[in-house]
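J.: Can you read through this structure? Questions will come right after.
The values are calculated or read from the model by the stated rules, or taken from the named source; none is laboratory data. Computed from a predicted model, the values in this text were never measured in an experiment. Cβ: placed from backbone, ideal geometry, glycine included. Neighbour counts: every protein chain shown.
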Amino acid sequence: MEHRPLGRTGLKVSLICLGTMTWGEQNTEAEGHEQMDYALDRGIDFFDTAELYAVPPKAETQGRTEEIIGTWFKARGNRDKVILASKVVGRTPMDWFRDGRIPGELNRKQMTEALEKSLKRLQTDYIDLYQLHWPDRPMPWGSIPTHFKWNEMDGASNPIEEILDVLGDFVKQGKIRHVGLSNESPWGTMKFLQASETRGLPRIASVQNAYHLLNRLYETGMAEISMREDVGLLAYSPLAQGYLTGKYRNGALPKGSRKQLFNRLQRYEKPGSAEAIDAYWALSQECGIELTKLALAFVNARPFVASTIIGATSMEQLKTCIDSIDVKLTPEIEARIDAIHQVHMNPAP
């Protein structure tokens, strides 16, 4: 397993990161434990979770994923073998995260409550990488937008400097080691970096954003920040939540799939997405590389990626995803991918 630097923290993380968001909804505790056992055995020492998980977000399952990781740590006694990342929710009307059923936001009181609850569920004294799941300020988050709606800048927010100051206190207390962002923009990333440099606050180590063959918007603006500022991308949805396995092609709806269960993947069904998927499918057939591995190998090979976050609901899926580490794309295949991208550019941001 290849390892890459996590920002300027001095830590190195496995290029494949184990995502966990299905545990507690689509996966049982036992299945989550089995996945962690297998991943660690394959050299994956970087796990990513969140207080929000399992998905889809709802009060009944909130926190279950962290609980499953916590029981695994207790049973195995191997907390020191894992670099653990979790997240605190940004500003949200969802009111089931905090005592008193209040909407979420990134202020000191709520962030402190969130961290304490996560540590308890995870059965650990510290989190290695604590991330802001999405920004506190109004913005069209969820991906780097293709266009910005100026009226979406209106609304309440907590100052970036104050949010980072709270995180700095968590670091001083030894409850977190490093900090990261998620679903963030170039402007937001640079403002956090500026605050850290001018105020002596913790430096952002990573940004967890969507990145895959159907959405390469990270390459515009964010990739340069990653390379020049040592803020690596933790690429989520590298398979476009299953669309880049080909399993949904031609209207297919596999039983037990996320789309069949929850019908909430419209992000990957925008105009032009099906044509792009078909083009990458044809390329995978021509070059003899399974589409799943082709898509993951592409993300793995980007120099601005610190780690590729995979997720699976079956052991077969998990093994296939991890095996992508052994697939190296030739310059010819890279050129073919770029040619498809030129024609079918970012249809699913």
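J.: Can you name the helices (runs of 4 or more DSSP H) wholly within the stretch 194-288 that have at least 1 residues being surrounded by 13 or more Cβ atoms within 10 Å (Cβ to Cβ) and within 16 Å of the chain's Cα centre (by Cα)?
T.: 222-229
J.: Ok, one more. Give the residue that is surrounded by the fewest Cβ atoms within 10 Å (Cβ to Cβ), with candidates limited to residues of the stretch 38-56 that are small (Gly, Ala, Ser) and in a loop (DSSP other than H, G, I, E, B).
T.: Within the stretch 38-56, the match that is surrounded by the fewest Cβ atoms within 10 Å (Cβ to Cβ) is 43.
Residue-wise test of (1) surrounded by 18 or more Cβ atoms within 10 Å (Cβ to Cβ); (2) at pLDDT 95 or above.
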site: 23; (1), (2): yes, yes
site: 29; (1), (2): no, yes
site: 36; (1), (2): yes, yes
site: 65; (1), (2): yes, yes
site: 91; (1), (2): yes, no
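J.: Just to check your reading of the model, which residue among 191, 175 is surrounded by fewer than 20 Cβ atoms within 10 Å (Cβ to Cβ) and closer than 25 Å to residue 224 by Cα?
T.: Just a single option satisfies the conditions, and that option is 191.
A quick yes/no check of all residues on (1) in contact (Cβ under 8 Å) with a residue 60 or more places away in the chain; (2) of a type in the set (Val, Ile, Thr); (3) closer than 24 Å to residue 299 by Cβ:
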residue: 7; (1), (2), (3): yes, no, yes
residue: 15; (1), (2), (3): yes, no, yes
residue: 28; (1), (2), (3): no, yes, no
residue: 33; (1), (2), (3): no, no, no
residue: 41; (1), (2), (3): no, no, yes
residue: 47; (1), (2), (3): no, no, yes
residue: 52; (1), (2), (3): yes, no, yes
residue: 76; (1), (2), (3): no, no, no
residue: 84; (1), (2), (3): no, no, yes
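J.: When the residues of the stretch 290-316 are filtered to those that are free of Cβ contacts under 8 Å to residues at least 60 places away in the same chain and closer than 15 Å to residue 31 by Cα, which remaining residue is surrounded by the most Cβ atoms within 10 Å (Cβ to Cβ)?
T.: 314
J.: Among the residues of the stretch 303-347 satisfying the criterion of being out of contact with any Lys or Arg (no Cβ under 9 Å at 6 or more places or on another chain) and assigned to a loop (DSSP other than H, G, I, E, B), which is farthest from residue 258 (Cα to Cα)?
T.: 330
J.: Checking the conditions here, which among 115, 119, 84 is crowded, with 16+ Cβ neighbours inside 10 Å, more than 19 Å from the chain's Cα centre (by Cα) and closer than 29 Å to residue 31 by Cβ?
T.: The match here is 119.
J.: Consider the stretch 84-118. How many of its residues are of a type in the set (S, T, N, Q), assigned to a loop (DSSP other than H, G, I, E, B) and in contact with an Asp or Glu (Cβ under 7 Å, 6 or more places away or on another chain)?
T.: The qualifying residues number 0.
J.: Going through 59, 75 one at a time, which residue ends up being touching a helix residue (DSSP H, G or I) at 6+ places or on another chain (Cβ under 8 Å), outside any strand (DSSP E or B) and farther than 20 Å from residue 136 by Cβ?
T.: 75
J.: Given the criteria closer than 26 Å to residue 304 by Cα, at pLDDT 95 or above and touching a helix residue (DSSP H, G or I) at 6+ places or on another chain (Cβ under 8 Å), does residue 234 qualify?
T.: no
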